[in-house]
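The values are calculated or read from the model by the stated rules, or taken from the named source; none is laboratory data. Here the structure is a predicted model, which is why all the values come from computation and not from measurement. Cβ sites come from the backbone with ideal geometry, for glycine too, and all protein chains shown count toward neighbours.
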Amino acid sequence: MKLTILAIITIAAAAFALQTGSVQTEPIKVRGCLQGNGSTESPWSLRGVALPPPPTAAPAGAPGGRGDGGARGGGAGARGRGDGAGQGVADAAGARGAGGRGAGGDRGAAPPAAPAPPPQPRVDLRLTDIDMSPWRNMFVEVEGTLGPRPATGLQEFRVTSARSAYGECR
């Protein structure tokens, strides 16, 4: 009975944690045009940033093959020798220019790849924890961690490093 109650509480806590917007702890890199001047009226911000997709667990698909199969076309047929009339004469080793099939055939082929995740929506980020004055109105790459998503306003991005990057500010 105690074990059942403990399991229910654990599942409820896990479900609650998944529903709330958790704060990201792993640093990410984002690029964009730096705007603002660092004041409270006009904070440092990156507008229209595409965040990297959130990490997901690897799908539990069927295991791959033995790996000894090889791909199609592993063996090459003989090349024809040209005669004066432009016709190829086949060698004794194979047909005229035909490619052979690899010894393993299809064994060990990987399952089809999963479809690419949909693109992330563009977001606006308020940059904190660093003075961005040297990069004012420049295209920059910043590395840091995302803060919680507020109900209104810009999402906080705690910058740990910044550098100028190649790109255009429009």
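Condition check ((1) part of a strand (DSSP E or B); (2) modelled with pLDDT of 55 or more; (3) of a type in the set (G, A, S); (4) surrounded by 14 or more Cβ atoms within 10 Å (Cβ to Cβ)) across all residues:
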position: G86; (1), (2), (3), (4): no, no, yes, no
position: A95; (1), (2), (3), (4): no, no, yes, no
position: A114; (1), (2), (3), (4): no, yes, yes, no
position: D124; (1), (2), (3), (4): yes, yes, no, yes
position: V140; (1), (2), (3), (4): yes, yes, no, yes
position: E143; (1), (2), (3), (4): yes, yes, no, yes
* To do: Go through R170, R158, R136, R149 for me and flag whichever is of a type outside the set (G, A, S) and not assigned by TED's automatic domain parsing to the domain that holds E26.
  => R170
* To do: Taking R158 as meeting all but one of (1) farther than 16 Å from A50 by Cβ; (2) in contact with a Cys (Cβ under 7 Å, 6 or more places away or on another chain), write down the number of the exception.
  => (2)
* Filtered residues of the stretch 110-147 (kept if in contact with a Gly (Cβ under 7 Å, 6 or more places away or on another chain) and more than 21 Å from S39 (Cα to Cα)) -> A110, P111, R122
* Using beta carbons and a limit of 6 Å, which pairs, at least six apart or on different chains, have the first residue in the stretch 103-119 and on the phi > 0 side of the Ramachandran plot and the second one in a loop (DSSP other than H, G, I, E, B) and modelled with pLDDT under 75? -> G108/G65; G108/R66; G108/G67; G108/G69
